[in-house]
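The values are calculated or read from the model by the stated rules, or taken from the named source; none is laboratory data. Fair warning: this is a prediction, and the values are worked out from it, not measured in the lab. Here Cβ is always computed from backbone atoms with ideal geometry, including for glycine, and neighbour counts include all displayed protein chains. Heavy atoms of the whole protein, side chains included, go into the accessibility calculation; ligands, DNA and RNA do not. Shrake-Rupley method; radii C 1.70, N 1.55, O 1.52, S 1.80 Å.
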Amino acid sequence: MLLKIGRDFGVTGRLFLHIASFLRGRFARIKFADKIGDWLESNFGTSAVTSLGPLLFIMHMHDILKCVMPKFADDLVALAAGKDVDGITKCLQNATDQLLSWAFKQGMHINVDKNKVMLFGNTVDDVKVTVYGQMLENVKSYKYLGVLLDSALNFTMQVDYAISKAERASAKVCSLISGRKGISVPLSLQLYKSLVRPHLEYAIPVWACLTESDVERLENTQRQCLRKYVGAKAHSSSAALEVVCNILLFRIRKRELCCLEFIRLKIKDDDHILCQLFESSIRVALRFCPLMYIRVMSKQLAREIERFPLLAPYDATLHVPDSIRTCDNPQYEDYATGITVFTDGSLFSGPVGYGACAAVLFPSVHSEEKIVQTCAVGEKVTSFQCEVEGIVLGIKMVTKLLWQSCSQIEFGICLYYV
């Protein structure tokens with residue numbers, strides 16, 4: 001892993017030594033019920049329940065062969081498309097063999113029981129793929145990254161799953177409502193938007209192509225939740241209920257999220273894999289590919305914005321040097337040119353408490369123009385955290401100002417502590 005970090009990502013200096021120290025001398029033990037095992041030295045992989053562990057694991061998995069695509073951390077997928085099952089089986093078996101070879105070189109073992117094979121389409125044949133001499137199980141549905149996929153891609157099972165999760169979350173919110181002693185209606189609606197509705201809208205651009213009956217079921221679930229929160233009767237108008245609660249109809253909200261996904265795709269580079277799939281997606285009768293459905297839902301938006309260029313959000317990369325040069329007596333010439341930012345962070349009371357930070361940016365020393373921004377840090381923070389957040393806020397302000405003036409920039413930052 002250290003070889004990959006230094007060779008493929010160019011990590012050197014103190015950061016490399018810090019990662020090497022993190023990976024050495026690690027011990028782990030297993031706890032089951034009330035029994036705790038002995039300490040064992042851990043020489044492979046990364047440490048769980050750490051901030052650095054997931055990042056190192058992603059860096060370790062970055063060189064998996066291109067035949068295994070897409071990949072999300074330890075969730076790997078091999079895709080194959082064809083007109084006959086034999087061709088698909090051969091392609092998937094080849095990708096599986098290459099993955100096994102890569103895993104053997106990395107000292108990793110593939111869990112056969114967790115691997116599944118799924119065939120999309122109208123055929124009922126099975127795809128025979130073997131791992132370590134064992135046949136992988138063929139399934140008709142599988143939950144991948146929180147979305148239930150079925151062989152027909154009608155996403156009815158995903159609708160059932162989303163409704164069940166939303167109803168469980170809504171029951172928890174309803175338990176807080178007890179007449180006048182419970183939470184207020186505005187607070188219950190805020191809880192609906194933050195705890196219940198995300199279950200109904202999770203990854204909705206992927207499974208937005210639904211039948212009218214499934215859309216009605218999702219809308220009924222939303223109406224039932226809102227009626228419980230505001231205390232409306234069962235025969236009350238659904239349209240009036242959504243107007244009073246200021247909640248969009250689910251089908252309108254679904255279209256809005258598809259349009260937002262369309263914008264996200266348009267600002268990506270043309271050679272991005274999602275953009276290539278977006279341009280090559282098709283439909284058969286009323287059966288849409290997810291990206292094709294997004295294109296259909298956003299046709300009106302595409303016509304409105306075709307005259308305007310879309311710009312991606314700015315991206316700034318900060319290079320931290322291995323050593324920091326200190327200056328005890330800064331001269332006026334050191335900061336007489338360029339952009340000047342003053343930052344500060346403070347606490348409300350005590351060494352730990354409510355913290356906030358602020359930054360004041362002067363685009364030019366000889367100008368009276370200034371930009372002021374403030375930000376709340378947290379409730380239980382230290383003075384050091386507030387100071388660091390103030391510096392980060394100032395760097396973001398400088399990056400945004402320079403990005404607005406030109407597209408590609410390189411600049412250095414000098415920090416003066418007073």
Item to check | Every residue from the range 352-399 that is aliphatic (A, V, I, L, M) and open to solvent by 50 Å² or more (accessible area, probe 1.4 Å) | outcome: V352, V365, I371, V372, A376, V388, V392
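Out of the residues in the range 40-61 meeting the condition of being of a type outside the set (A, V, I, L, M, F, W, C) and loosely packed, with under 11 Cβ neighbours inside 10 Å, tell me which one is nearest to H18 (Cα to Cα).
Per the stated criteria, the residue is S51.
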Item to check | Selection status of A80, out of contact with any Asp or Glu (no Cβ under 6 Å at 6 or more places or on another chain), of a type in the set (G, A, S), part of a loop (DSSP other than H, G, I, E, B) and closer than 27 Å to L200 by Cα | outcome: no
Checklist entry - If a residue has to be touching a Ser or Thr at 6+ places or on another chain (Cβ under 9 Å) and open to solvent by less than 60 Å² (accessible area, probe 1.4 Å) to count, how many in the range 200-225 make the cut? => result 7
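Need at least 1 residues that are in contact with a helix residue (DSSP H, G or I) (Cβ under 9 Å, 6 or more places away or on another chain) and among the charged types (D, E, K, R) per element, so show me which strands (runs of 3 or more DSSP E) inside the range 86-158 make the cut, counting only ones lying wholly within it.
By residue number, 141-144, 147-150.
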Checklist outcome for this item: The residue from L100, L119 that alone is in contact (Cβ under 8 Å) with a residue 24 or more places away in the chain, within 20 Å of L145 (Cβ to Cβ), in contact with a strand residue (DSSP E or B) (Cβ under 9 Å, 6 or more places away or on another chain) and of a type outside the set (S, T, Y) is L119
Item to check | Sole exception among (1) open to solvent by less than 40 Å² (accessible area, probe 1.4 Å); (2) under 20 Å from E137 (Cα atoms); (3) in contact (Cβ under 8 Å) with a residue 24 or more places away in the chain for G87, by number | outcome: (3)
Checklist entry - Out of all the residues in the range 272-293, which are under 25 Å from E212 (Cβ atoms), of a type outside the set (F, W, Y) and in contact with a strand residue (DSSP E or B) (Cβ under 9 Å, 6 or more places away or on another chain)? => result S281, I282, C289, M292
Checklist entry - Do the conditions hold for K165, that is, is it under 29 Å from the mean Cα position of the chain (by Cα), modelled with pLDDT under 90, open to solvent by 30 Å² or more (accessible area, probe 1.4 Å) and not polar (S, T, N, Q)? => result no
Checklist entry - Out of (1) without any contact (Cβ under 8 Å) to a residue 40 or more places away in the chain; (2) among the acidic types (D, E); (3) surrounded by fewer than 15 Cβ atoms within 10 Å (Cβ to Cβ), the odd one out for D150 is which? => result (3)
Checklist entry - Among (1) at pLDDT below 85; (2) under 22 Å from Y142 (Cβ atoms); (3) under 26 Å from the mean Cα position of the chain (by Cα); (4) not hydroxyl-bearing (S, T, Y), which single condition is A78 missing? => result (1)
Checklist outcome for this item: Expected single match for free of Cβ contacts under 8 Å to residues at least 60 places away in the same chain and either surrounded by 12 or more Cβ atoms within 10 Å (Cβ to Cβ) or not hydrophobic (A, V, I, L, M, F, W, C) (or both) among L3, L76 is L76
Item to check | Test set (1) over 23 Å from F155 (Cα atoms); (2) at pLDDT below 85; (3) open to solvent by 60 Å² or more (accessible area, probe 1.4 Å) - E242 fails condition number | outcome: (3)
Checklist outcome for this item: If we keep only residues of the range 159-177 that are assigned to a helix (DSSP H, G or I), out of contact with any Cys (no Cβ under 9 Å at 6 or more places or on another chain) and of a type in the set (S, T, Y), then the residue farthest from C289 (Cα to Cα) is S164
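Can you tell which of F348, F342 is surrounded by fewer than 18 Cβ atoms within 10 Å (Cβ to Cβ), modelled with pLDDT under 80, under 34 Å from the mean Cα position of the chain (by Cα) and farther than 18 Å from W403 by Cα?
Criteria check complete, one pass: F348.
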Item to check | Test result for L277, over 29 Å from the mean Cα position of the chain (by Cα) and not aromatic (F, W, Y) | outcome: no
Checklist outcome for this item: Counting only residues in the range 250-297 that are aromatic (F, W, Y) and not in a strand (DSSP E or B), the one most open to solvent (accessible area, probe 1.4 Å) is identified as Y293
